Amino acid sequence: MKKSSYILGIISICIILTATIFKALHFPGASILFTLGIGFITLVFLPITYMRLLKSTDDKALKWVYHAAFISFFIDFVGMLFKIMHWPGASKLMIIGVPLPFVLFLPVYIYYHNKRKLKTD
């Protein structure tokens, strides 16, 4: 399962990079490749990796870090797709998605890091 999720992530990134080249050179099919690549990342790779990470730990604080990271990345990637494709609602998703890692993920990560640091000292 771990190896297949890595392979799926690499394939998704390769599709996105190919779509970027297609978009820059104005080749046909760039939109389909972007939708496919970012769709794979948001709808397949992130949930599989998220579930695998949740099952691998019993630490509740670390699970909160995983929740915050998943929500942040999911909204960021969907907002990125909407913005690249010029779909309606892209501005709202970007307004929510860009500060979300700083507002949600960073405080949770700092709390987890400080809690873990106190335990080891």
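At a probe radius of 1.4 angstrom, the accessible area of the chain per residue rounds to 67 square angstrom. Over all other residues within a Cβ to Cβ distance under 15 Å of Phe45, the charged ones net out to +2, with Lys and Arg as +1 and Asp and Glu as -1.
Legend: calculated FRET efficiency, Thr20 to Lys60, from the Cβ-Cβ distance at R0 = 30 Å, rounded to 0.05, equals 0.20. Each semi-axis of the equivalent ellipsoid for the chain is √(5λ) with λ an eigenvalue of the Cα gyration tensor; in descending order they amount to 31, 18, 10 Å.
With a Cα cut-off of under 18 Å and a minimum spacing of 8 residues unless on different chains, the lysine pairs in the chain number 11. Normalising by residue count, the range 41-99 has a Cα convex hull of 63 Å³ per residue.
Summing charges over neighbours of Lys83, with a neighbour being any other residue whose Cβ is under 13 Å away from its Cβ, gives +1 when K and R count +1 and D and E count -1. Karplus-based coupling profile of the range 91-103, in residue order and whole Hz: 5, 5, 5, 6, 5, 7, x, 5, x, 4, x, 7, 8, with θ = phi - 60° in 6.51 cos²θ - 1.76 cosθ + 1.60 and x standing for Gly or Pro.
Taken one residue at a time, the phi angles of the range 109-115 give Karplus couplings (6.51, -1.76, 1.60, θ = phi - 60°) of 5, 5, 4, 4, 5, 5, 5 Hz. Gly and Pro are set to x. The accessible surface of the range 7-121, taken with every protein chain in place and a 1.4 Å probe, is 76 percent carbon and sulfur.
Taking the C-alpha atoms only, the angle from helix 60-85 to the longest principal axis of the chain is near 10 degrees.
The values are calculated or read from the model by the stated rules, or taken from the named source; none is laboratory data. All values derive from a computational prediction rather than experimental measurement. Heads up, the Cβs are rebuilt from the backbone with ideal geometry, glycines too, and the neighbour counts pull from every protein chain shown. We work out accessible area using only protein heavy atoms, side chains counted, and drop any ligands, DNA or RNA first. Shrake-Rupley method; radii C 1.70, N 1.55, O 1.52, S 1.80 Å.
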